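*Asks:* If you scroll down you'll find the structure; I have some questions about it.
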2 protein chains.
Amino acid sequence: MKVKVVKKILEANDRIAENNRKALRDKGVFCINLMSAPGAGKTTLLSRTITALKGRFRFGVIEGDIQGTHDAEVISALGVPVIQINTEGACHLDANMISDMLPEMPLDDLDVLVIENVGNLVCPAEFDVGENAKVMLLSLSEGDDKPLKYPLMFQKSEALIVNKMDLLPHLDVDIEKIRGDVKALNPELRLFEVSCRKGDGLDPWYTWLSERIKR
Amino acid sequence: MKVKVVKKILEANDRIAENNRKALRDKGVFCINLMSAPGAGKTTLLSRTITALKGRFRFGVIEGDIQGTHDAEVISALGVPVIQINTEGACHLDANMISDMLPEMPLDDLDVLVIENVGNLVCPAEFDVGENAKVMLLSLSEGDDKPLKYPLMFQKSEALIVNKMDLLPHLDVDIEKIRGDVKALNPELRLFEVSCRKGDGLDPWYTWLSERIKR
């Protein structure tokens, strides 16, 4: 019975997500669902990426958080349109939340919509919001056991950005284990090792993203 | 309608949690619900704590993970009874999962049962599992914005262990902001600043926990 309810919720979500995807495609907007555990650096990556690529693409952002507007303020300062969704307890964004917000976004003036999901390594991976690509971050400080403990997000994402590589000398983390486990879970996953704080290693990510948007 | 379903689930959960609490009290077992985001160091803290206090208290552990048995193996090596729950996708433990496992635990031989929840800063705080005290970890590397973005767990916990303090020189984190925001959210919350990796700052936590168990 419990499974049945959950299945129905996911089916309804997928239907709304498909409508979101169609609405975005009709406007020529490429949509990214950006996911990670809390504090992995999604907003910092997004700030760096918008700053690097805003000459080539017009970005818009939807920020998902339990509460507060901190991240939306950071992004807004870059001069791009941003909407903050407060989920008030919900641990992930779903397609319906995005559907409600799309009419508020100036889609005619955008090339890329980035949806920054709630910080959570579990549920966001289960809910299609209408994106064209799922991208995830892993903070190196979360440890090398995360791919095997939280496999779904690694399996569903097209790109994995391992952030906070500058902390490597100060952690007991085996980066080779992360590389190997990720490859076994998802051989197609593109891996980028970066420090968003220092600005290191980001060029290959910008190149990949630019090509993915245009594809 | 959606709210009603969620409320019913939480009411049923609370009823089962109350039964768990009574069953544990009847056996004289103190129960801790240990929560944090992924990779904050719950298992390392637990290993250190069991090693330090096993001469005074008999510990048992229930490990909650989406999948895998890594943490249970680490704890089992310390010579304490441990059960691994695999939630197979669920992002938190609920009272029913614990109820199913209590008969498998040698409660007559225990003083303390630690339930290590799934790594998630959101939902575990919403589900009472029958514990006597909620204890949470925050990894310093998750950033100083976490209390205001994920307030519920900070509000519901009795103790907060800020872990990975050894990374402070390598992060853009304002520890004073964490201290202040936490105090505003929950004036009763006991704060411990530690490095589980280095073994620094743990004695006040051991003292507090020992007194809390005996109370």
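The values are calculated or read from the model by the stated rules, or taken from the named source; none is laboratory data. Everything numeric in this text was worked out from a predicted model, so none of it was measured. Backbone-built Cβ (ideal geometry, glycine too); neighbour counts: all protein chains shown.
*Asks:* Can you find even one residue in the stretch B:159-171 that is farther than 21 Å from A:Val173 by Cβ, touching a residue at least 12 places away in the same chain (Cβ under 8 Å) and touching a Leu at 6+ places or on another chain (Cβ under 6 Å)?
*Replies:* yes
*Asks:* Additional query: Scan B:Ile32, B:Ile9 and give me the residue that is of a type in the set (Val, Ile, Thr) and touching a residue at least 60 places away in the same chain (Cβ under 8 Å).
*Replies:* Numbers: B:Ile9 fails: touching a residue at least 60 places away in the same chain (Cβ under 8 Å).
The unique qualifying residue is B:Ile32.
*Asks:* Being touching an Asp or Glu at 6+ places or on another chain (Cβ under 9 Å) and of a type in the set (Val, Ile, Thr) is the filter here; which residues of the stretch B:75-97 pass it?
*Replies:* B:Ile75, B:Val82, B:Ile83, B:Ile85, B:Thr87
*Asks:* Which of the following residues is among the hydrophobic types (A, V, I, L, M, F, W, C), under 18 Å from A:Leu10 (Cα atoms), out of contact with any helix residue (DSSP H, G or I) (no Cβ under 6 Å at 6 or more places or on another chain) and surrounded by fewer than 24 Cβ atoms within 10 Å (Cβ to Cβ): A:Ala95, A:Ala72, A:Ala90, A:Ala77?
*Replies:* Values: A:Ala95 fails: out of contact with any helix residue (DSSP H, G or I) (no Cβ under 6 Å at 6 or more places or on another chain); A:Ala72 fails: under 18 Å from A:Leu10 (Cα atoms); A:Ala77 fails: under 18 Å from A:Leu10 (Cα atoms).
A:Ala90 is the lone residue from the list that is among the hydrophobic types (A, V, I, L, M, F, W, C), under 18 Å from A:Leu10 (Cα atoms), out of contact with any helix residue (DSSP H, G or I) (no Cβ under 6 Å at 6 or more places or on another chain) and surrounded by fewer than 24 Cβ atoms within 10 Å (Cβ to Cβ).
*Asks:* Report yes if some residue within the stretch B:127-134 is within 12 Å of chain A (Cβ to nearest Cβ) and at pLDDT 95 or above; otherwise report no. Working first, answer last.
*Replies:* Going through the stretch B:127-134, the residues within 12 Å of chain A (Cβ to nearest Cβ) turn out to be B:127.
Next cut, at pLDDT 95 or above only: B:127.
Within the stretch B:127-134, one or more residues are within 12 Å of chain A (Cβ to nearest Cβ) and at pLDDT 95 or above.
*Asks:* Determine if the stretch B:10-26 includes at least one residue that is modelled with pLDDT of 95 or more and within 18 Å of B:Glu193 (Cβ to Cβ).
*Replies:* Scanning the stretch B:10-26, I find no residue that is modelled with pLDDT of 95 or more and within 18 Å of B:Glu193 (Cβ to Cβ), so the answer is no.
*Asks:* Then there is this: Is one or more of the residues making up the stretch A:169-183 of a type in the set (Gly, Ala, Ser), surrounded by fewer than 19 Cβ atoms within 10 Å (Cβ to Cβ) and within 14 Å of chain B (Cβ to nearest Cβ)? Let's see the steps before the verdict.
*Replies:* Taking the stretch A:169-183 first, the residues of a type in the set (Gly, Ala, Ser) are A:180.
Of the ones still in play, those that are also surrounded by fewer than 19 Cβ atoms within 10 Å (Cβ to Cβ) are A:180.
Subset that is within 14 Å of chain B (Cβ to nearest Cβ): none.
Scanning the stretch A:169-183 turns up no residue that is of a type in the set (Gly, Ala, Ser), surrounded by fewer than 19 Cβ atoms within 10 Å (Cβ to Cβ) and within 14 Å of chain B (Cβ to nearest Cβ).
*Asks:* Hey, can you tell me all the residues within the stretch A:123-138 that are part of a loop (DSSP other than H, G, I, E, B) and on the phi < 0 side of the Ramachandran plot?
*Replies:* First, pick out the residues of the stretch A:123-138 that are part of a loop (DSSP other than H, G, I, E, B): A:127-132.
Hits for the stretch A:123-138 are A:Phe127, A:Asp128, A:Val129, A:Glu131, A:Asn132.
Every residue, every condition in (1) charged (D, E, K, R); (2) touching a Leu at 6+ places or on another chain (Cβ under 8 Å), yes or no:
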| position | (1), (2) |
| --- | --- |
| B:Pro103 | no, no |
| B:Ile115 | no, yes |
| B:Cys123 | no, no |
| B:Met136 | no, yes |
| B:Lys146 | yes, yes |
| B:Arg190 | yes, yes |
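*Asks:* Still on this structure, I have one more. Looking for something surrounded by fewer than 19 Cβ atoms within 10 Å (Cβ to Cβ) and either part of a strand (DSSP E or B) or not hydrophobic (A, V, I, L, M, F, W, C) (or both) - is there at least one such residue anywhere in the stretch A:139-151?
*Replies:* no
*Asks:* Residue check: is A:Asp166 within 12 Å of another protein chain (Cβ to nearest Cβ), surrounded by fewer than 23 Cβ atoms within 10 Å (Cβ to Cβ) and under 22 Å from B:Val118 (Cα atoms)? Before the answer, list the steps.
*Replies:* Details: within 12 Å of another protein chain (Cβ to nearest Cβ): yes; surrounded by fewer than 23 Cβ atoms within 10 Å (Cβ to Cβ): yes; under 22 Å from B:Val118 (Cα atoms): no.
The answer is no for A:Asp166.
*Asks:* I'm trying to understand the selection: among the residues of the stretch A:139-163, which are of a type in the set (S, T, N, Q) and facing chain B (nearest Cβ under 9 Å)? Working first, answer last.
*Replies:* Initial filter on the stretch A:139-163 (of a type in the set (S, T, N, Q)): A:139, A:141, A:155, A:157, A:163.
Scanning the stretch A:139-163 gives A:Ser139, A:Ser141.
*Asks:* Would it be correct to say that B:Ile178 is of a type in the set (Val, Ile, Thr), in a helix (DSSP H, G or I) and in contact (Cβ under 8 Å) with a residue 40 or more places away in the chain?
*Replies:* On the way: of a type in the set (Val, Ile, Thr): yes; in a helix (DSSP H, G or I): yes; in contact (Cβ under 8 Å) with a residue 40 or more places away in the chain: yes.
So B:Ile178 fits the description; yes.
*Asks:* If you take the residues of the stretch B:74-103 that are within 17 Å of B:Ala17 (Cα to Cα) and without any contact (Cβ under 8 Å) to a residue 24 or more places away in the chain, which of them is farthest from the chain's Cα centre (by Cα)? Spell out how you get there, then give the answer.
*Replies:* Step one: of the stretch B:74-103, the residues within 17 Å of B:Ala17 (Cα to Cα) are B:85, B:92-103.
Remaining after also requiring without any contact (Cβ under 8 Å) to a residue 24 or more places away in the chain: B:85, B:100, B:103.
Working: B:Ile85: 15, B:Asp100: 19, B:Pro103: 21 Å.
My answer is B:Pro103.
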